[in-house]
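Only one structure is covered here, and it is reproduced in the block below.
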Amino acid sequence: MPSENAALEEARATYQQHMRTCRQCHADGAACAVAKHLMRIYNNARRQHNGPAAPEH
């Protein structure tokens with residue numbers, strides 16, 4: 001199982017690769033459904049890497 005840092009970097013790289021190569025993202029000028037899904041995966045990995053947020057008072 002990859003470390004948290006490796007998972008974060010892999011998620012980021014996968015998202016960036018998709019954004020560079022997706023015809024739909026380029027044609028529409030907006031993220032396609034796959035790009036949105038990959039961004040959610042990246043955001044989840046980033047949250048796990050950074051740990052839980054401190055509660056606000």
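Length gained on full extension, His49 to Ser3: 15.6 nm, using 0.36 nm per residue less the C-alpha separation. Whole-Hz Karplus values for region 42-48 come out as 4, 4, 5, 5, 5, 4, 5 Hz, taken residue by residue from phi with 6.51 cos²θ - 1.76 cosθ + 1.60 and θ = phi - 60°; glycine and proline positions read x. Rounded to whole numbers, the Karplus 3J(HN,Hα) couplings from phi for region 12-19 are 5, 5, 5, 4, 5, 4, 4, 5 Hz, using 6.51 cos²θ - 1.76 cosθ + 1.60 with θ = phi - 60°, and x at Gly and Pro.
Readers should treat all values here as calculations from the given coordinates under stated rules, not as data from a laboratory. Remember, it's a predicted structure, so these values are computed and weren't measured experimentally.
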